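Some notes on the structure that comes next.
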Amino acid sequence: MVERRVTVASKVGLHARPAALVAKAAAEQQVQVTIAKDGQDAVAAGSVLNLMTLAAGHGDEVLISAEGEGAQAAVDAVADLVASDLDG
């Protein structure tokens, strides 16, 4: 399993537009990507609703994970988005 911790950079957190962009990127991956906030169960990152239920705000740390062939690239693609300011 490949895992990467990142800090949510968007001012609105993983809500609305940032959640939609992250979910789209996750859904395009060859493997299922999950995301978890400390103390919570991991959810499928390819779902906007799942991302919004995490209530991950600006500055929160999340754990992005995937397993299987292509997991590293999938985790990196999603993690790079989460760590970017997607508000604009």
TODO: Residue by residue through the range 22-39, note down the ones that are crowded, with 16+ Cβ neighbours inside 10 Å and of a type outside the set (Val, Ile, Thr).
DONE: Ala23, Ala25, Ala26, Gln29, Gln32, Ala36, Lys37
Open item on the list: Looking for something open to solvent by 40 Å² or more (accessible area, probe 1.4 Å), of a type in the set (Asp, Glu) and in contact (Cβ under 8 Å) with a residue 40 or more places away in the chain - is there at least one such residue anywhere in the range 3-12?
Closed with: yes
Open item on the list: When you check Leu14 against the structure, is it outside any loop (DSSP other than H, G, I, E, B) and aliphatic (A, V, I, L, M), yes or no?
Closed with: no
Open item on the list: Quick check on my filter: what residues within the range 40-63 are more than 12 Å from Ala23 (Cα to Cα) and either hydrophobic (A, V, I, L, M, F, W, C) or open to solvent by less than 40 Å² (accessible area, probe 1.4 Å) (or both)?
Closed with: Ala42, Leu54, Ala55, Ala56, Gly57, Val62, Leu63
Task: Hits in the range 64-79 - residues which are open to solvent by 60 Å² or more (accessible area, probe 1.4 Å) and in contact with a strand residue (DSSP E or B) (Cβ under 8 Å, 6 or more places away or on another chain) - done: Glu67, Gln72
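The values are calculated or read from the model by the stated rules, or taken from the named source; none is laboratory data. This one's a predicted model, so the numbers in the text were calculated from it and none came from an experiment. When we count neighbours, we look across all protein chains shown, and the Cβ atoms used for this are built from the backbone with ideal geometry, even at glycine. These accessible areas exclude ligands, DNA and RNA; they are computed on the full protein's heavy atoms, side chains included. Shrake-Rupley method; radii C 1.70, N 1.55, O 1.52, S 1.80 Å.
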